[in-house]
Amino acid sequence: MKRGELYRVTYPSTRDPKRSRVFVVVSRQVLIDSRFSTVICAPVYSVHDGLSTQVPVGIDEGLKHDSSIHCDELVSIPKSALTNFVGKLSPQKIEALNRALRIALDIPD
């Protein structure tokens, strides 16, 4: 598992595969590689409001349609739930993700 990878996660309350969401791993790699059981992820939605905390993604990242990463809605997800690999972000998209995370967390440049 690497930072910037996208995974489809089925909602824990249901086993219906149609009830799932794609998430992007945003934790630092040292945490991902550690014995900690969870990583921080950002959800991917099909809507893009043009906010500075949203990163547009799409087919190039393994998705079926244009979507966006929402950095204002970070969640902790068990590593064991991240098994359905979808794709990964390019270095340019990771740079855009880093900018959006800095804005979402109010971290100065």
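In this structure the amide hydrogen of V9, modeled in the peptide plane, comes within under 5 Å of the amide hydrogens of R21, V22, F23, none closer than 5 places in sequence on its chain. Computed on the chain, with alpha-carbon pairs under 8 angstrom and 6+ residues apart, the relative contact order is 28 percent. Computed from the C-beta positions of N98 and R19 and an R0 of 35 Å, the FRET efficiency is 0.70 to the nearest 0.05. Our analysis of the chain gives Rg over Rh at 0.94, with the two radii drawn from alpha carbon positions and Rh computed by the Kirkwood formula. Restricting the chymotrypsin sites (Phe, Trp or Tyr not before Pro) of the stretch 1-76 to loop positions (DSSP other than H, G, I, E, B) with no more than 15 neighbouring Cβ atoms within 10 Å leaves F36. Each residue of the stretch 93-99 was assigned a 3J(HN,Hα) from its phi angle through the Karplus curve 6.51 cos²θ - 1.76 cosθ + 1.60 (θ = phi - 60°); the sequence is 5, 5, 4, 5, 4, 4, 4 Hz, with glycine and proline shown as x. Near R28: Cβ cut-off under 12 Å, other residues only, Lys/Arg at +1 and Asp/Glu at -1. The net charge is +1. Taking a straight Cα-Cα cut-off under 13 Å and skipping sequence neighbours fewer than 8 places away in the same chain, the aspartates and glutamates within cross-link reach of K2 are D33. Between I59 and Y11, the contour length at 0.36 nm per residue exceeds the Cα-Cα span by 15.0 nm.
Each reported figure results from applying straightforward, stated rules to the coordinates on display, with no laboratory input. If you're wondering where the values come from, they're calculated on a predicted model, not measured in any experiment. Ideal geometry is used to build each Cβ from the backbone, glycine not excepted, and the neighbour counts take in all protein chains shown.
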